[in-house]
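A short worksheet on the structure shown next.
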């Protein structure tokens with residue numbers, strides 16, 4: 001490259017450096033401005049996925065923004081991120097609500113909602129989590145302890161800074177007297193030999209199994225690519241079809257990684273996919289009472 005033109009022009013001379021980098025503007029998603037981003041976010045609440053009607057009533061959404069949002073909401077590859085040479089401003093937040101006039105029958109209506117219960121602990125090879133009695137699936141991943149306080153590792157990535165998350169050897173979960181997978185088979189990933197495909201294939205099986213268990217594998221409705229799964233950070237999904245009389249609330253997780261540093265720089269997350277039932281009583285077109293319980 002013979003030359004580089006920068007617009008707008010820097011207001012001061014920039015010293016020569018060997019670790020310079022470029023942040024490309026996203027002109028596809030945000031053509032209205034180089035450094036402005038518009039996004040639509042849906043709260044992870046079971047009622048947000050319900051596509052039926054609700055009676056009129058008083059609804060309250062309580063938002064608790066993270067005071068450290070400038071580090072939580074930004075991702076950078078700049079190793080000198082601590083200089084904080086950027087500023088993030090939230091211009092406005094809008095709430096979109098669909099309203100429709102219709103006749104709502106009176107009485108009690110049951111809503112079966114899928115929700116998540118998330119718990120985290122310092123990484124250990126053998127960890128026990130308390131999970132809701134209505135748990136139908138468990139999702140496991142590890143994340144660096146600096147996530148949320150270092151823009152090199154945003155909370156949306158299930159990774160550790162040194163890619164130790166890719167060095168999983170074995171994983172097995174015991175819940176409701178069921179072991180998943182039934183055999184704790186060994187996998188490996190060695191970047192130095194990944195070019196021959198052998199190392200990658202073993203992680204590809206983990207990728208396939210996770211999406212197959214969730215029901216959104218490539219043969220069903222489609223999912224993210226293997227490359228994106230590794231780039232964002234591997235997660236491991238296990239579905240549990242248990243008897244209705246089984247009230248198990250303890251999940252035992254056995255994990256082994258070749259990267260020994262995970263014991264000091266990573267946390268393990270256990271996400272429980274649970275079913276919650278909401279009984280909503282409607283009278284004269286208005287909601288008069290709501291009772292919820294794990295189903």
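No value in this document is a laboratory result; all are computed from the given coordinates. Note that the structure is a prediction, hence the values are computed from the model and not measured. Because the Cβ atoms are built from the backbone with ideal geometry, glycine has one as well, and the counts that use them run over all protein chains shown.
Listed values, structure above:
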| quantity | calculated |
| --- | --- |
| Scaled radius of gyration (Cα, divided by 2.2 N^0.38 Å) that region 150-295 gives | 1.32 |
| Selected from 283, 137, 248 as most flexible by GNM, with the chain as the system and alpha-carbon contacts under 10 Å | 283 |
| Diffusion constant of region 83-130 at 20 °C, which comes from Stokes-Einstein with the Kirkwood Cα-pair radius and 1.002 mPa s, µm²/s | 116 µm²/s |
| Virtual spin-label span in nm between residue 245 and residue 216, 7 Å along Cα→Cβ | 3.5 nm |
| Span per principal axis, largest first, for the Cα atoms of region 214-295 (Å) | 61, 31, 28 |
| Among 284, 239, 39, residue whose mean-square fluctuation peaks in a GNM of the chain (springs only between Cα atoms under 10 Å) | 39 |
| Whole-Å distance, taken between Cα centres, linking region 202-248 and region 99-133 | 19 Å |
| Förster-model FRET efficiency, 22 Å R0, residue 179 and residue 130, C-beta, rounded to 0.05 | 0.70 |
| Inter-label distance, nm, simple model (7 Å from Cα along the C-beta direction), residue 102/residue 226 | 4.4 nm |
| Over the chain, relative contact order from alpha-carbon pairs under 8 Å, at least 6 apart, % | 30 percent |
| Most mobile listed residue (82, 170, 263) in the chain, GNM with C-alpha springs under 10 Å | 82 |
| Full-stretch length increase - residue 204, residue 83 - with 0.36 nm per residue and alpha-carbon distance subtracted | 39.7 nm |
| Estimated [θ] at 222 nm from DSSP helical runs (n ≥ 4, -39500 (n - 2.57)) normalised by residues in the chain, nearest 500 | -3000 deg cm²/dmol |
